[in-house]
1. Against the condition surrounded by 24 or more Cβ atoms within 10 Å (Cβ to Cβ) and under 27 Å from A:Arg286 (Cβ atoms), how does A:Val97 come out, does it pass?
2. Can you name the helices (runs of 4 or more DSSP H) wholly within the range A:246-308 that have at least 2 residues being more than 23 Å from the chain's Cα centre (by Cα)?
3. Please indicate, with yes or no, whether at least one residue in the range A:228-235 is outside any helix (DSSP H, G or I) and of a type outside the set (A, V, I, L, M).
4. Quick check, is A:Ala88 without any contact (Cβ under 8 Å) to a residue 24 or more places away in the chain, more than 9 Å from every other protein chain (Cβ to nearest Cβ) and outside any loop (DSSP other than H, G, I, E, B)?
5. Which pairs do you get when a residue that is exposed (fewer than 14 other Cβ atoms within 10 Å of the Cβ), found in the range B:188-200, comes within reach of a residue that is at pLDDT 95 or above and in a helix (DSSP H, G or I), reach meaning Cβ atoms under 7 angstrom, with the pair 6+ apart or on two chains?
6. Identify the residue in the range B:106-150 that is in contact with a Gly (Cβ under 9 Å, 6 or more places away or on another chain) and in a strand (DSSP E or B) and, among all such residues, is nearest to the other protein chains (Cβ to nearest Cβ).
7. Given (1) part of a strand (DSSP E or B); (2) closer than 22 Å to B:Gly155 by Cβ; (3) more than 9 Å from chain B (Cβ to nearest Cβ), identify the lone condition not met by A:Pro73.
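The values are calculated or read from the model by the stated rules, or taken from the named source; none is laboratory data. Not measured: the values here are computed from a predicted model. For neighbour counting, all protein chains shown are included, and Cβ atoms are generated from backbone atoms with ideal geometry for every residue, glycine included.
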Amino acid sequence: MRNAFADEVTQLAAQDARIVLLSGDIGNRLFDRLRAQSPSQFINCGVAEANMMGVAAGMALSGLRPITYTITPFTTTRCLEQIRVDVAYHEAPVIIVGTGSGLSYASLGPTHHSLEDFAILRAIPNMRILAPWDAPSLRDVLKQSLRDTTPTYIRIGKKGEKDILPGSDVAALGRLTQLVKGEKVAIVAVGTVASEAVRAAEELKRVGIAATVSLAHTVKPLPEADLHGLFQTHQLIVTVEEHSLAAGFGESCVSCMQRGGFASTVLPLGVSDMFLSKAGSQQYARRQTGIDSVAIVEAVRGFFANAS
Amino acid sequence: MSVPHHQLEQVARELRFRTVRTSHLSGTPHLGSCLSCLDLLVYLYWNVLKIDPKNARDPGRDRFILSKGHAAPVLFQTLAERGFFSVQDLEEYGTDGSVFGEHPPAPKYLPGIEAATGSLGHGLPMGLGMALAARIQGANYRTYVILSDGECNEGSVWEAALMAAAQKVNSLTVFVDYNKWQATGRSNEVLGLAPLSAKWDAFGWFVHEVDGHDFAAVETAVNAMDEFGRPKVIIANTVKGKGVSFMEDDNNWHYRIPSADEVRKAAIELHIPTNLIRLDGLAPRTHE
């Protein structure tokens, strides 16, 4: 995804002189094409994220469209007050991109995990929060974000994510993208963990359960209308996120259902209240934290076993 | 066109008085911090900044950020006197629903404001972004930021100082209002701030150290040209509570609110005509 990001930013910067990529001293060689194409549209801000976010806000208030880029915890919680005050309160059109989000960098340990970014940024007024699931959806939401001036946070993966569907099929911001239409159960996945939902739906099909699969790239504003549609037509909605259960996407879906007075069940899958201190691959980490395809299948089968 | 310094002194006396009076009436603190940077604001707003109150959002305007946002009462008085809004508007300072609070609001809420400050350490990075934006867009406006010395406790100030030097952002001028105090102690004792000029010099800045209440000295520093294209910092030695004898260098006035009698005493010291004191019949608001 990060290569697609660099490529898309390079293309967009060629068309729009207001775009400036601010890097927190990462992505060695990743932005070489952009730097060669337009040196003034790339600035390495060094390992100084609080300053980088303030600089981005100052640029955005002066007519530019800055995009900040570094590893997720450093461009979110490290400089949270700058996001809250300089970007969000000023309604500065900054796009904040967190790479290697969730458990992408599982083996780097909890310093590099981001399992609380949705929760924290959701509480900040004026912020839009996006989590595309593959390279085409990343390209699409980046372009959509540049069409208005809403301060936007985009959480992306690292590399090697398989494409799930073409960019042309990606829904508008604030909508769900329906991948598979099933019945009774819907799996709603946010961000790159969507691949687990796809795999889980295939497993469930083999055991005779036709699951709807919907992909969510917008955590805030919550895709309420599409969620209402799922609540009306499905008995069980399983949400999956590579994020803490606390104040994450799943909990906001639960409260959305309750506010709307629907009678279906929302079962959020996410990471419990823990730091994952064991080393290992992202797949290992997903298994350990109960957000992989196996965990989704178990959740669905368990629900219907208990219901019958 | 430059305003003669004796006229600036007259403006400064009036703004000092209005700030003291407003503190009394509204019950808002930070008077010492307001009075220490007031002369810098007067000098900038009358003799330096290329701004047009009638076209406050002109893209080519110079940018000014009061990073020590707790001195907002002085910024509001300055902007009113320069015509961004009326002096009469400021009578509502601190009342329920007023745009005028203890810190500058976001720019969309008040003409003349470039950044909502108050949390220290934000103004310099934002000003640096504005200065870099000018370079990228080929605009020739300049950016000015006033920091407090206590604010230099914040790491983000030094992050920005490093980046501005690396980027050779010579359209950026920073003032440090060096009144030697912060909220609860001497700024050289709470953290090791001294030697402050040497620190900025070591960070790669074009450094001037001046008496921050001497318009001629400030003018010389503002006009100095650097052959190396470095960002400029003016370490302005100032006195907290400057201009009112019983407030000068007394850190109790970081939080203390003047009584009506103290406002009248200040008026005498500042040569304010009795008819401009206007306290009779007005009850100060109490704030918890």
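1. Working: surrounded by 24 or more Cβ atoms within 10 Å (Cβ to Cβ): yes; under 27 Å from A:Arg286 (Cβ atoms): yes.
Yes: the conditions hold for A:Val97.
2. Details: elements: A:249-260, A:282-289, A:293-307.
Correct list: A:249-260, A:293-307.
3. Filtering the range A:228-235 down to residues outside any helix (DSSP H, G or I) leaves A:234-235.
Filter once more, keeping what is of a type outside the set (A, V, I, L, M): A:234-235.
Scanning the range A:228-235 turns up at least one residue that is outside any helix (DSSP H, G or I) and of a type outside the set (A, V, I, L, M).
4. Values: without any contact (Cβ under 8 Å) to a residue 24 or more places away in the chain: no; more than 9 Å from every other protein chain (Cβ to nearest Cβ): yes; outside any loop (DSSP other than H, G, I, E, B): yes.
When the stated conditions are applied, A:Ala88 does not pass them.
5. Listed pairs, sorted by first residue: B:Leu191/B:Asn153.
6. B:Thr143
7. Looking at each condition in turn, A:Pro73 falls short on (1).
Residue-wise test of (1) within 22 Å of B:Ala106 (Cα to Cα); (2) touching a Phe, Trp or Tyr at 6+ places or on another chain (Cβ under 8 Å); (3) surrounded by fewer than 21 Cβ atoms within 10 Å (Cβ to Cβ).
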residue	(1), (2), (3)
A:Ser62	yes, no, no
A:Val85	yes, no, no
A:Ala106	no, yes, no
A:Leu115	no, no, no
A:Ile124	yes, no, yes
A:Ala131	no, yes, no
